[in-house]
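Encoded as structure tokens, the structure appears first; notes follow it.
The values are calculated or read from the model by the stated rules, or taken from the named source; none is laboratory data. From a predicted model like this one, the values you see are computed outputs, not experimental measurements. Cβ: placed from backbone, ideal geometry, glycine included. Neighbour counts: every protein chain shown. Please note that ligands, DNA and RNA were not included when accessible areas were found on the heavy atoms of the full protein model with its side chains. Shrake-Rupley method; radii C 1.70, N 1.55, O 1.52, S 1.80 Å.
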Amino acid sequence: MHGRKIDSLALDNYQRAARVILANHLVTRTYPDRIALPLIRRWATELREDLAELFGYRLEVTETTARVFPIIDRLDAGKPARTPADRLFDRRRYAYLALSIAALGRAGDQTTLSELADQVAAYAGRVEGLELSTDRAADRDAFVDAIGWLTHRGALTLADGDAGGWASDPEAGEALYDIDRPVVFALFRPPRALQHLHSVRGLLTEEAAGASGPAHAPTAADLARRVRRALVERPVVYLDDLEPAERPVLGQDRIVADVELFTGLRAERRAEGVALIDISGRLSDIRFPSTGTLAQVGLLLAGEIADRVLDLDNPLEQRPGAPDPGEALAAQLDGAIPESTVFAPLAELRALDDFSAQSDSAFDADEDTEDPEETTYPVIDAAWVRETVQALADRYGATFAAQWQADVPGLTTEVVALLERLRLVQTVEDGLLVLPALARYRGAVVTVRTKRTEELFVTAADTYGSDSTGTEGN
């Protein structure tokens, strides 16, 4: 590993480069900023070798882009694409984004927004249930959000005009874009031809996407890479999240130390797992604690939940963890595959082979080995969560952002989603399972400053968050 050979005076610079490429996966001349690509290029050789050795990732660096191709072990719904205004992408925006990339791959050096919209509309018309009508404001807004995502990453550069003007009135407004073809090419390169897939699982690890037949048993090096990948891709790695063969690896000091040295982050260990603490803010797509109403209320709610769990006079029900949300996500995505195309016939032909491969790739277990004791977690009632957020709103509501002052139910939903993305809680049908890492925020001290209302809650706790792709990760 090169981190052990780099001079101590240059190590911080190298670790900064490692954090940037892990956090963004795609780096261009302007994204995430203008200093990122020169930084990656300076350390390209060392990064390429360390990423391959530690994580099994492949890094490609050119004069205009740097792209890491990660190996995804599990689906994660916690890293959605976002608009430049930080709104979450919905299905329509994802579809327009994918079709826009396809259209740009066949375009020249420039395009107008209306020309690109016409091409995407033609593609969308071939997909059952999808349409782009420039007569509908909602469709135009969604399309402009997808174009904004591409512009933010440097695939498009606005040369003239205004996308907002076109979205308001396509007859009066227009925008002209320069196309950066290397960025477009780097954006979407799936490991397999999509026409050959019958399940989203085929886009995961090389083993899952490989040819039919039994997969080889994971070696010690394979297991180590899986655990290192988990450490940099998840806000917290719980032992219960890992396969039985991976759990002892997480306890090896060398494995965690390698990731600490590569990223410059420090690991916080607990009996239940490990979290990398990002005080730099360059690897996390979520800073927590942080400013803003959602982060502030999230910190307050985490403290209230911790106090409730520690209330020995009113013990909470204990319950096993919910099923892996990645499996439910995979089922939802597979259910959206158009049945009228080549996907369905391929699915029928390959289903039996893939089922056999998945079965054979499972870890062998000793028949005489007893099942480990099931881990349980405290359950917080959904009504208690709603009442607690309402109480916080009654006390601090005047300092909240205007949109949340009149929408406490919406605030509750968003705050719970934030805590779930941070792996501090897990949503179940009737409430929340409290995960061990939430204990990190018990007893958080909150101060309300009356003179500067934009700095409402001040805490000395370290920044804690998840990485990006990303990653919008890995």
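Return yes or no: is Tyr31 buried (at least 18 other Cβ atoms within 10 Å of the Cβ) and touching a Phe, Trp or Tyr at 6+ places or on another chain (Cβ under 6 Å)? Answer is no for this residue.
So is Tyr123 open to solvent by less than 40 Å² (accessible area, probe 1.4 Å) and touching a strand residue (DSSP E or B) at 6+ places or on another chain (Cβ under 6 Å) or not? It would help to see each step written out before you state the result.
Details: open to solvent by less than 40 Å² (accessible area, probe 1.4 Å): yes; touching a strand residue (DSSP E or B) at 6+ places or on another chain (Cβ under 6 Å): no.
Criteria not met by Tyr123.
Being open to solvent by 60 Å² or more (accessible area, probe 1.4 Å) and within 13 Å of Tyr177 (Cβ to Cβ): is that true of Glu115 here? Explain how you work it out, then say what you get.
Numbers: open to solvent by 60 Å² or more (accessible area, probe 1.4 Å): yes; within 13 Å of Tyr177 (Cβ to Cβ): yes.
It is true that Glu115 is open to solvent by 60 Å² or more (accessible area, probe 1.4 Å) and within 13 Å of Tyr177 (Cβ to Cβ).
Just to be sure, is Thr45 surrounded by fewer than 21 Cβ atoms within 10 Å (Cβ to Cβ), among the β-branched types (Val, Ile, Thr) and part of a loop (DSSP other than H, G, I, E, B)? Taking the combined requirement at face value, the residue does not satisfy it. Consider segment 201-214 and keep the residues that are open to solvent by 30 Å² or more (accessible area, probe 1.4 Å), in a helix (DSSP H, G or I) and in contact with a helix residue (DSSP H, G or I) (Cβ under 6 Å, 6 or more places away or on another chain). The one that is modelled with the lowest pLDDT is Ala208.
One line per residue, one yes/no per condition, for (1) open to solvent by less than 40 Å² (accessible area, probe 1.4 Å); (2) in contact with a strand residue (DSSP E or B) (Cβ under 6 Å, 6 or more places away or on another chain):
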position: Arg136; (1), (2): no, no
position: Phe143; (1), (2): yes, no
position: Gly148; (1), (2): yes, no
position: Thr151; (1), (2): no, no
position: Ala163; (1), (2): yes, yes
position: Asp169; (1), (2): no, no
position: Glu174; (1), (2): no, yes
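The set of residues in segment 84-98 being of a type outside the set (Gly, Ala, Ser), out of contact with any Gly (no Cβ under 6 Å at 6 or more places or on another chain) and part of a loop (DSSP other than H, G, I, E, B) consists of Asp86, Arg87, Phe89, Asp90.
When Gly431, Gly410 are screened for being of a type outside the set (D, E, K, R), at pLDDT 90 or above, more than 30 Å from Leu239 (Cα to Cα) and within 25 Å of the chain's Cα centre (by Cα), only Gly410 passes. When Ile71 is tested against (1) in contact with a Gly (Cβ under 6 Å, 6 or more places away or on another chain); (2) over 26 Å from Ala221 (Cβ atoms), only condition (2) is not met.
Write out, first by first residue and then by second, each pair whose Cβ atoms fall under 9 Å of each other, whose residues are 6+ apart or on separate chains, and whose first residue, in segment 248-260, is closer than 18 Å to Asp50 by Cβ while the second is surrounded by fewer than 20 Cβ atoms within 10 Å (Cβ to Cβ) and among the basic types (Lys, Arg). Close Cβ pairs (under 9 Å, with a partner that is surrounded by fewer than 20 Cβ atoms within 10 Å (Cβ to Cβ) and among the basic types (Lys, Arg)) amount to Val256/Arg269; Glu260/Arg266.
Looking at Arg58, is it surrounded by fewer than 16 Cβ atoms within 10 Å (Cβ to Cβ) and either within 21 Å of Glu233 (Cα to Cα) or in contact with a His (Cβ under 7 Å, 6 or more places away or on another chain) (or both)?
Spelling it out, Arg58 is indeed surrounded by fewer than 16 Cβ atoms within 10 Å (Cβ to Cβ) and either within 21 Å of Glu233 (Cα to Cα) or in contact with a His (Cβ under 7 Å, 6 or more places away or on another chain) (or both).
Would you mind stating whether Val68 is closer than 23 Å to Ile337 by Cα and open to solvent by less than 20 Å² (accessible area, probe 1.4 Å)? Here the answer is no, as Val68 does not meet what is asked. For segment 231-269, taking the residues that are small (Gly, Ala, Ser) and in contact with a helix residue (DSSP H, G or I) (Cβ under 7 Å, 6 or more places away or on another chain), the one that is nearest to Pro70 (Cα to Cα) is identified as Gly264.
Residues Gly78, Gly3: which one is farther than 29 Å from Tyr177 by Cβ, at pLDDT below 95 and in contact with a Phe, Trp or Tyr (Cβ under 6 Å, 6 or more places away or on another chain)?
Testing whether each residue is farther than 29 Å from Tyr177 by Cβ, at pLDDT below 95 and in contact with a Phe, Trp or Tyr (Cβ under 6 Å, 6 or more places away or on another chain) leaves just Gly3.
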